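The values are calculated or read from the model by the stated rules, or taken from the named source; none is laboratory data. Just so it is clear, the structure is predicted and the values come from calculations on it, not from any experiment. For neighbour counting, all protein chains shown are included, and Cβ atoms are generated from backbone atoms with ideal geometry for every residue, glycine included.
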2 protein chains.
Amino acid sequence: MIKRLCIIGLGSIGGSLARALRSAGACGEVVGVDRDPEQLHRAVELGVIDRQDTDAAKAVAGADMVVVAVPVGAMTAVFRAIAPAVSAGAVVTDVGSTKASVVMAANEAWRNIPENFVPGHPIAGTEKSGIEAANGELFQGRRVILTPLAQTRRTAVERVREMWVAAGAEVTEMEVVHHDEVLAATSHLPHLLAFNLVDTLANAEEQEEIFQYAAGGFRDFTRIASSDPVMWRDICLANRGPILDALAKFSTNLAELAKAIGQGDEEYILTVLRRAKAARDRFCG
Amino acid sequence: MIKRLCIIGLGSIGGSLARALRSAGACGEVVGVDRDPEQLHRAVELGVIDRQDTDAAKAVAGADMVVVAVPVGAMTAVFRAIAPAVSAGAVVTDVGSTKASVVMAANEAWRNIPENFVPGHPIAGTEKSGIEAANGELFQGRRVILTPLAQTRRTAVERVREMWVAAGAEVTEMEVVHHDEVLAATSHLPHLLAFNLVDTLANAEEQEEIFQYAAGGFRDFTRIASSDPVMWRDICLANRGPILDALAKFSTNLAELAKAIGQGDEEYILTVLRRAKAARDRFCG
């Protein structure tokens with residue numbers, strides 16, 4: 001049971017977590033922080049939080065659980081603001097999509113990363129942004145990856161785990177670097193491909209017509225291109241190495257496939273498509 | 001009203017069209033042809049067709065509407081088989097995803113492409129294959145593009161249009177070459193990107209783990225990679241030029257984006273992501 005929960009950043013993830021924990025009866029008071037006063041106001045109005053503050057340092061005072069749910073590019077600034085103010089014994093966690101960069105940010109803010117800081121990442125993206133998209137069911141059956149460090153206290157990890165389990169998620173642990181590689185492949189790369197496809201088509205002369213004839217497959221394929229650009233710019237910068245590796249592998253294979261199409265190499269093409277279908281049916285079936 | 005409809009190829013498109021026209025009362029007898037006797041048997045069993053035949057030439061005799069719904073790579077063989085047997089006055093149309101190649105196939109089979117041949121393309125893909133996926137609602141509100149040639153009779157075009165309207169679709173016309181360019185961009189390219197992404201991940205050492213952490217966005221993004229590999233190999237070969245053009249544009253832009261990520265060019269990245277989100281929200285909103 002969390003007595004006072006402080007959520008910094010009331011986007012769809014922060015807001016959804018507040019909703020989920022409240023409806024599970026897993027927390028007492030919820031204090032919300034956001035730099036946008038309108039979002040804060042709406043969050044109180046919608047009953048997502050009990051109390052609002054635009055000052056993160058003030059808001060964390062007295063909280064026993066602090067969740068930082070801002071874009072990864074804003075982590076350092078938030079950690080710096082709250083570092084002197086977090087109560088002794090309070091657990092701090094985050095929801096950033098990249099973990100090495102968040103650990104670096106924590107190191108920069110605290111110098112010695114506190115034993116009660118637990119890096120975390122709920123894999124529950126949505127292309128919707130803002131407090132209006134807060135959904136108490138968002139984490140039901142979803143995975144949350146925690147990436148504790150050498151100094152992280154087990155009791156802190158357990159408290160964060162309990163919080164996510166109360167929100168309906170399944171919690172696993174992974175090493176920071178490994179997390180960033182896996183997510184580059186399964187999340188960051190697809191997002192960049194979708195953004196790049198839509199942008200390529202949007203730059204075509206006949207863009208109106210092109211989008212007019214786009215069918216259901218295209219809608220599904222490009223849904224993630226409606227995600228928040230600032231959040232994804234931050235992710236690109238924060239997880240640069242693993243993303244560039246994943247992009248390079250993808251591009252090498254795509255060039256091979258293009259070559260095979262150009263040469264009319266039926267066997268090569270069919271082998272790739274069959275292998276892909278088999279893998280997708282097996283894993284996502 | 002179609003008196004006798006002959007559908008050659010009882011995959012999800014052919015089967016869905018039969019179902020849609022029957023439930024709209026827009027056709028009398030439905031004769032189905034497929035090279036797979038089991039599919040044919042199931043089609044009769046499920047009530048999708050009235051009568052089956054494995055011999056296309058026999059099946060088209062007496063039909064006033066013939067719909068060829070086989071993968072584009074099989075069009076020439078089917079056209080050759082039915083060319084001597086189609087009744088005078090019968091209208092022949094197809095559902096191929098690429099139109100220049102289908103016109104070439106018709107030219108090869110008939111020498112002079114008949115005035116009653118109307119190339120067509122329902123944009124209603126599904127990643128599901130076979131007669132079991134036949135769904136009478138598949139074409140509701142979907143677009144069908146007809147690409148009549150210089151010699152195509154207007155009365156033939158109108159009969160095909162009426163058929164698709166009865167099936168629930170919205171029918172437009174386009175030139176063959178333009179159709180192939182538009183579809184390369186909105187359909188063929190996304191399919192190849194999805195196939196290539198899944199295949200790239202499936203070849204990674206940690207593939208089990210990678211797919212395990214793939215979230216909802218990944219599922220949506222890769223749904224089209226579960227499409228029929230033979231059909232898509234055929235499309236790659238049949239629409240080679242426009243597909244390679246679309247792939248080249250995409251790859252050039254992706255390389256630029258990768259470069260910007262490598263250089264930490266925040267502005268370039270944000271511009272691309274913002275432009276993409278704006279285009280997707282506007283067109284697919």
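Does residue B:265 fit the bill of being farther than 17 Å from residue A:279 by Cβ and touching a Gly at 6+ places or on another chain (Cβ under 7 Å)?
No.
I'm trying to understand the selection: among the residues of the stretch B:267-285, which are within 7 Å of another protein chain (Cβ to nearest Cβ) and not small (Gly, Ala, Ser)?
Residues satisfying the conditions are B:269, B:270, B:272, B:273, B:274, B:275, B:277, B:280, B:281, B:283, B:284.
With the structure loaded, tell me whether residue A:172 is surrounded by fewer than 20 Cβ atoms within 10 Å (Cβ to Cβ) and either at pLDDT below 95 or within 14 Å of another protein chain (Cβ to nearest Cβ) (or both) or whether it fails that test.
Yes: the conditions hold for residue A:172.
Being under 27 Å from the mean Cα position of the chain (by Cα), surrounded by fewer than 21 Cβ atoms within 10 Å (Cβ to Cβ), acidic (Asp, Glu) and within 30 Å of residue A:144 (Cβ to Cβ) narrows it down to one residue among B:281, B:199; which is it?
One residue alone meets the criteria, B:281.
Taking the stretch A:192-211 as the region of interest, how many residues are assigned to a helix (DSSP H, G or I) and either of a type in the set (Phe, Trp, Tyr) or more than 7 Å from chain B (Cβ to nearest Cβ) (or both)?
4
Mind checking which residues of the stretch A:179-210 are of a type outside the set (D, E, K, R) and modelled with pLDDT under 90?
Result: A:203, A:204, A:207, A:210.
With respect to the numbered conditions (1) part of a helix (DSSP H, G or I); (2) within 16 Å of the chain's Cα centre (by Cα); (3) farther than 16 Å from residue B:7 by Cβ, which one is the sole condition not fulfilled by residue B:74?
Going through the list (1) part of a helix (DSSP H, G or I); (2) within 16 Å of the chain's Cα centre (by Cα); (3) farther than 16 Å from residue B:7 by Cβ, residue B:74 breaks only (3).
So which of B:186, B:155 ends up being part of a helix (DSSP H, G or I) and within 7 Å of another protein chain (Cβ to nearest Cβ)?
After ruling out the rest, the residue left standing is B:186.
Suppose we filter A:250, A:218 for residues that are part of a helix (DSSP H, G or I) and touching a residue at least 12 places away in the same chain (Cβ under 8 Å); which single one remains?
When all the criteria are applied, what remains is A:250.
Could you grab me the full set of residues in the stretch B:139-150 that are in contact with a Ser or Thr (Cβ under 8 Å, 6 or more places away or on another chain) and more than 10 Å from every other protein chain (Cβ to nearest Cβ)?
Selection gives B:139, B:144, B:146.
Could you tell me which of the residues B:57, B:43 is in contact (Cβ under 8 Å) with a residue 24 or more places away in the chain and over 22 Å from the mean Cα position of the chain (by Cα)?
Just one listed residue meets the conditions, B:57.
Any residue at all in the stretch A:204-220 that's under 30 Å from residue A:102 (Cα atoms) and either crowded, with 16+ Cβ neighbours inside 10 Å or more than 18 Å from the chain's Cα centre (by Cα) (or both)?
Checked the stretch A:204-220: no residue is under 30 Å from residue A:102 (Cα atoms) and either crowded, with 16+ Cβ neighbours inside 10 Å or more than 18 Å from the chain's Cα centre (by Cα) (or both).
Residue A:245 fails exactly one of the following numbered conditions: (1) more than 7 Å from every other protein chain (Cβ to nearest Cβ); (2) more than 19 Å from residue B:273 (Cα to Cα); (3) without any contact (Cβ under 8 Å) to a residue 40 or more places away in the chain. What is the number of that condition?
Here residue A:245 clears every test but (3).
Would you point out which residue out of B:219, B:233, B:223 is at the interface with chain A (Cβ under 7 Å from one of its Cβ atoms), touching a Pro at 6+ places or on another chain (Cβ under 9 Å) and within 22 Å of residue B:125 (Cα to Cα)?
Only one candidate passes the filter, namely B:233.
Any idea which of (1) facing another protein chain (nearest Cβ under 7 Å); (2) more than 28 Å from the chain's Cα centre (by Cα); (3) crowded, with 16+ Cβ neighbours inside 10 Å is the one residue A:262 doesn't satisfy?
Every listed condition holds for residue A:262 apart from (3).
Here are the criteria: (1) assigned to a helix (DSSP H, G or I); (2) modelled with pLDDT under 95; (3) surrounded by fewer than 19 Cβ atoms within 10 Å (Cβ to Cβ). Tell me which single one residue B:104 does not satisfy.
(2)
Would you be able to say whether some residue in the stretch B:217-224 is among the charged types (D, E, K, R) and at pLDDT 95 or above?
no
Can you find even one residue in the stretch B:56-71 that is loosely packed, with under 15 Cβ neighbours inside 10 Å, at negative phi and in a loop (DSSP other than H, G, I, E, B)?
Scanning the stretch B:56-71 turns up no residue that is loosely packed, with under 15 Cβ neighbours inside 10 Å, at negative phi and in a loop (DSSP other than H, G, I, E, B).
A quick yes/no check of all residues on (1) closer than 21 Å to residue A:180 by Cα; (2) modelled with pLDDT of 95 or more; (3) not hydrophobic (A, V, I, L, M, F, W, C):
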| site | (1), (2), (3) |
| --- | --- |
| A:231 | yes, no, no |
| A:236 | yes, yes, no |
| A:246 | yes, yes, no |
| A:263 | no, yes, yes |
| A:266 | no, yes, yes |
| A:271 | no, yes, yes |
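Consider residue B:42 against the criteria (1) farther than 20 Å from residue B:138 by Cβ; (2) surrounded by fewer than 22 Cβ atoms within 10 Å (Cβ to Cβ): it satisfies all of them except one. Which criterion is unmet?
Of (1) farther than 20 Å from residue B:138 by Cβ; (2) surrounded by fewer than 22 Cβ atoms within 10 Å (Cβ to Cβ), only one is false for residue B:42: (1).
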